[in-house]
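The values are calculated or read from the model by the stated rules, or taken from the named source; none is laboratory data. Keep in mind it's a predicted model, so treat the numbers as computed, not measured. Cβ placement follows ideal geometry from the backbone for every residue including glycine, while neighbour counts extend to all protein chains displayed.
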Amino acid sequence: MFQRIKNIWNPAHFHYHHQLGQRRGYFEGWYVKLVDPEGGQPYALIPGVIMGEDPHAFIQVLDGRAGSAVYHRFPIGAFEAARNRFSVSIGDNHFSDSGISLKIQGEDTSASGQTVTGQIEFSPWSPWPVRPLSPGIMGPYSFVPFMECNHGILSLDHGLTGHLTVDGIQTDFSGGRGYVEKDWGRSFPAGYVWAHSNHFGTPGISLTAAVARIPWLTGAFRGFIIGFLHEGTLHRFTTYTKAVLEKLEMTSSGLHLCIRNRDHRLEVMATKSEGGLLYAPYNKQMIERVAETMTSEVKVRLERLDGKRTIFEGVGRHACLEAQGDLSGVLDG
């Protein structure tokens, strides 16, 4: 019990040691984005575990350039996690805040036979701040025990050193940029939109934006957690900080979002492009249903409300974009 309470202020940690081996519907997964310096070969690695009707561990490999994804399945016994830090092993593959080490033998873990090997080190992370009454991006909702899906931003931006070899093709990520987030709970939201980029020309600038329909005691509400890191300042636009979502449109060409808090207005326009189909947790099982691109562009403008002075205006490359499920309650509010 003490460890579970402690984990509230440590979103990067594995939360479900007490559920391993049980058939209750819980999942936990980390999203590790890697982009090489030239941006020619972005990847996302998603290690995780599902406890439900078919309990197992997994590592998904999303090839951003090819727009394809491979699901590597492991027995639940191959999953190990430290209790007091982010350190996760799945078979011979290791993930931590200092880097990753991969040795995936595809003939044993996926129908595609994909193999992935290599090591990448991370420079110090830039996490969403954890405060006593607001432990991470979920804010005070982190204390609610019945949330369907919890979210954590472990690093908005960090440097990379090392390489990966995928099916015999090596990519050097030294000098590239990385991003890490995670989700844990019972199920992904029935409908949500999500966008991210930390490639705005200058290292240290990063956008993450998620809007979803959140089940609640008396029904559901539209929740949003949006952050823009610029010149060392994280501008937060969230439900619990009483930000106002002025506009949210999803069309065939992309996403248009406009939101304001007490001091600033943020406008986001992300283009759509082809992506890979990822597995996600729904109803105690992993289902192939989430289409994600890593080759979108996102235009961002941040302005002060007093006099509408523009603080930042630029285009983020190698942007991720997802729009999934029933969006009626997400777009309509």
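Annotations
- Given (1) closer than 28 Å to Ile226 by Cα; (2) in contact (Cβ under 8 Å) with a residue 60 or more places away in the chain, number of the condition Phe122 does not satisfy: (2)
- Residues within region 142-167 that are surrounded by 19 or more Cβ atoms within 10 Å (Cβ to Cβ) and either among the hydroxyl-bearing types (Ser, Thr, Tyr) or farther than 18 Å from Ala220 by Cβ (or both), tallied: 11
- Some residue of region 178-200 being loosely packed, with under 15 Cβ neighbours inside 10 Å and touching a residue at least 24 places away in the same chain (Cβ under 8 Å): no
- Residue in region 103-112 that is part of a loop (DSSP other than H, G, I, E, B), in contact with a Ser or Thr (Cβ under 7 Å, 6 or more places away or on another chain) and farther than 24 Å from Thr208 by Cα present: yes
- The sole residue among Leu164, Leu217 that is at pLDDT 95 or above and out of contact with any Lys or Arg (no Cβ under 8 Å at 6 or more places or on another chain) is Leu164.
- 2 or more residues over 23 Å from Gly64 (Cα atoms): qualifying strands (runs of 3 or more DSSP E) within region 153-265: 177-185, 206-216, 219-230, 233-238, 244-250, 254-260
- Residues of region 14-58 that are at pLDDT 95 or above, assigned to a loop (DSSP other than H, G, I, E, B) and in contact with a helix residue (DSSP H, G or I) (Cβ under 7 Å, 6 or more places away or on another chain): none at all.
- Any chance Ala57 is within 20 Å of the chain's Cα centre (by Cα), more than 21 Å from His158 (Cα to Cα) and free of Cβ contacts under 8 Å to residues at least 60 places away in the same chain: yes
- Some residue of region 102-122 being over 23 Å from Asp36 (Cβ atoms), among the hydrophobic types (A, V, I, L, M, F, W, C) and touching a strand residue (DSSP E or B) at 6+ places or on another chain (Cβ under 8 Å): no
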